1. Tell me, Tyr15, Tyr55, Tyr233, Tyr262 in order of fewest to most beta-carbon neighbours within 10 Å?
2. Put a dot 7 Å past each Cα toward the Cβ at Ser41 and Ile63; how far apart are the dots in nm?
3. Starting with the fewest neighbours, write out Ile74, Ile283 ranked by other beta-carbon atoms found within 10 Å of each beta-carbon.
4. Computed FRET efficiency, Cβ-Cβ of Phe287 and Ser221, R0 25 Å: what is it to the nearest 0.05?
5. In nm, to one decimal, how far is the modelled label at Phe85 from the one at His126, with both set 7 Å along Cα→Cβ?
6. Please report Phe202, Phe130 as a ranked list, fewest other C-beta atoms within 10 angstrom at the top and most at the bottom.
7. 7 Å from Cα along Cα→Cβ at both Glu138 and Lys267: what's the point-to-point distance in nm?
8. Relative to the present Cα-Cα distance, how much length would full extension add between Asn258 and Ser9 at 0.36 nm per residue of separation?
Amino acid sequence: MSNSAFIKSSIAKKYWMALTGLFLCLFLVGHLLGNLQLIFSTGEEGRRVFNEYAYFMTHNPAIKVLSYLTYFSILFHAIDGIALFVQNKKARPVAYAYSKPSANSSIPSRYMALLGTLVLVFIATHMSNFWWKMKYTEEIPLHSYFAKTDKDFGDTTYAKVFETKEFYYSQTGPIPKDTAATTVKGLDIMVKGTNLKYGSGFKDLHTVVLQYFSKQNKSESGIPVGLLGTIFYVFSMAVLSFHLWHGFASAFQSLGLNHPTYTPLIKTFGRAFSVVVPGLFAIIPVFLYLIS
Ligand code: HEM
């Protein structure tokens, strides 16, 4: 490749990395605000609020478009980053004999590829924990609670009832039927033994998240999965923080946005962002672990 073509393709890669990276920063702010509900709204009310929020996020058409843009940005940012790393390595296969990297660049800038890879490993693990289960499996139970009923169910006067999004069929008014008369299929609650849809429920993602980060979450052989998961999240947020520390301001440079007054402000904002956002994310699993 000629020198100028090399520089051009490398500039284009940096440009797209900057755009996708800044979009992902916006995603982080939205995701953080949604997840902070896990701390600020607790108990039964917290469960209802979070599950209704999760339902909205997975069913609203505009949010769905944003979600696909997020997946695309993660993949594009990662692939472009790897390509840029390989391209730079090929251009300079042997390190300069007397290079002193610490004198020329900060630690995050030299380790951006490694930090990015660790963030990608975190995202893959994280999405398989919650997002995959929520979207593609029936492992997440429907939101249910116990309520006193006027009927007697064997030796208890309490029955498990489902919190429903909407009712299709009701004989007894607005209170959902007990599980003895209904069965769950996906998001639908069916009248047992029939094809009649009784209602449609919310997936109980709140309980799944709380159970994951709980002290009681242990494997059969006694490995403290909840504790290890919490440590993994905190470690990953530290990695994300270093990645953003360099990445945020560098994105503006890659887009060619240099200004004597605004560039120092962007740098300061980027550093505050890279500490505050991952810091608040890290508090969530620690809080959930401690209260479990
Ligand atoms: C530490 C606190 C965090 C918690 C408790 C949390 C929780 C969740 C949950 C419950 C979901 C599933 C939502 C659904 O499918 O409706 C989800 C999805 C997701 N999370 Fe997180 N998350 C955290 C941090 C992060 C971070 C730091 C990143 C990125 C670096 C991230 C990236 C994602 C992505 C890309 C999705 C899929 C989003 C979509 O489908 O639109 N999460 N998260």
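Rule-based calculations on the coordinates, nothing more; no lab input. In this text the structure is predicted, and so the values were computed from the model without any measurement. Positions of Cβ are generated from backbone atoms using ideal geometry, with glycine treated the same way; all protein chains shown enter the neighbour counts.
1. Ordered by Cβ neighbours within 10 Å, fewest first: Tyr262, Tyr15, Tyr55, Tyr233.
2. 1.1
3. Ile283, Ile74
4. FRET efficiency, Phe287 to Ser221: 0.35.
5. For Phe85 paired with His126, the spin-label model returns 1.8 nm.
6. Sorted ascending by nearby Cβ count, the order is Phe130, Phe202.
7. Label at Glu138, label at Lys267, 5.7 nm between them.
8. My answer for the length gained is 87.6 nm.
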